[in-house]
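The structure appears below as structure tokens.
The values are calculated or read from the model by the stated rules, or taken from the named source; none is laboratory data. What you are looking at is a predicted structure, and each value in this text was computed from that prediction instead of being measured. Cβ atoms come from the backbone with ideal geometry, glycine included; neighbour counts cover every protein chain shown. We work out accessible area using only protein heavy atoms, side chains counted, and drop any ligands, DNA or RNA first. Shrake-Rupley method; radii C 1.70, N 1.55, O 1.52, S 1.80 Å.
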Amino acid sequence: MLRATLFAARVHATHTRKGEAGEPYVNHVIEVAAILAEAGAPRIAILAGLLHDTVEDSDEDPDPITHERLVAEFGTDVADVVAEATDDKSLPKETRKALQVRNAPKKTDAAKMLKLADKISNLRAIAAAPPKGWPHARMVEYVGWAGRVAVGLRGVNPALDALFDATYRDALRALAARD
Ligand code: ZN
């Protein structure tokens, strides 16, 4: 678990969150893993949670992380869950967002839990520290989209479902108060 944390910290060393404060990106993946651990998710989901953005977010780095690299370091099971949670960046953003909604119900249980925890972390970030330069409408749209993806992810872990619902409500409330 700590090896995965260190691996993620190194990959994300130069990455920051979109919020005004420029929080280190690794905080996000540790938060996702902590949400999963507290909800009683299996070890494979927690490990994949730590690693879930290493492939997607290192594509422009000098040494991009590949699926093969994750297989070598952490085994096929964990690497496959990460692959399930990784978007195909060759597709346009709107297509990727539509695919997330459509493909959510087809994911394995571990990937569903991971993706739900990821959305929880992202909604918290939107509510607490709005991404730089995002107009209000874009944030409202993002929260709605996260809710649509979550419809296909729920039903595996009741604690995560409940946490998502509470976080979704809090995010909408925070955005309503901000306008
Ligand atoms: Zn993420």
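Protection proxy ranking, highest mean first, for peptides 57-69, 105-117, 8-20, 75-87: 105-117, 75-87, 8-20, 57-69, where packing is the per-residue count of other beta-carbon atoms within 10 Å, averaged. Extension gain, THR5 to SER90, is 27.9 nm, computed as 0.36 nm per intervening residue step minus the present C-alpha separation. So if R0 is 22 Å, what FRET efficiency would ALA72 and ALA13 give, r being the distance between their Cβ atoms, rounded to the nearest 0.05? The value I calculate is 0.60. Quotient of the Cα radius of gyration of the range 2-178 and 2.2 N^0.38 Å, N being its number of residues: 0.98. With the helix formula -39500 (n - 2.57) applied to DSSP H stretches of n ≥ 4, the chain reaches a computed 222 nm mean residue ellipticity of -20500 deg cm²/dmol. Backbone amide hydrogens, once placed in the peptide plane, bring THR16 within less than 5 Å of TYR25, excluding anything fewer than 5 places away on its chain.
Accessible area per residue for the chain, computed on protein heavy atoms with a 1.4 Å probe, is 50 Å². Ligands, DNA and RNA left out, the 1.4 Å accessible surface of the chain is 56% carbon and sulfur atoms.
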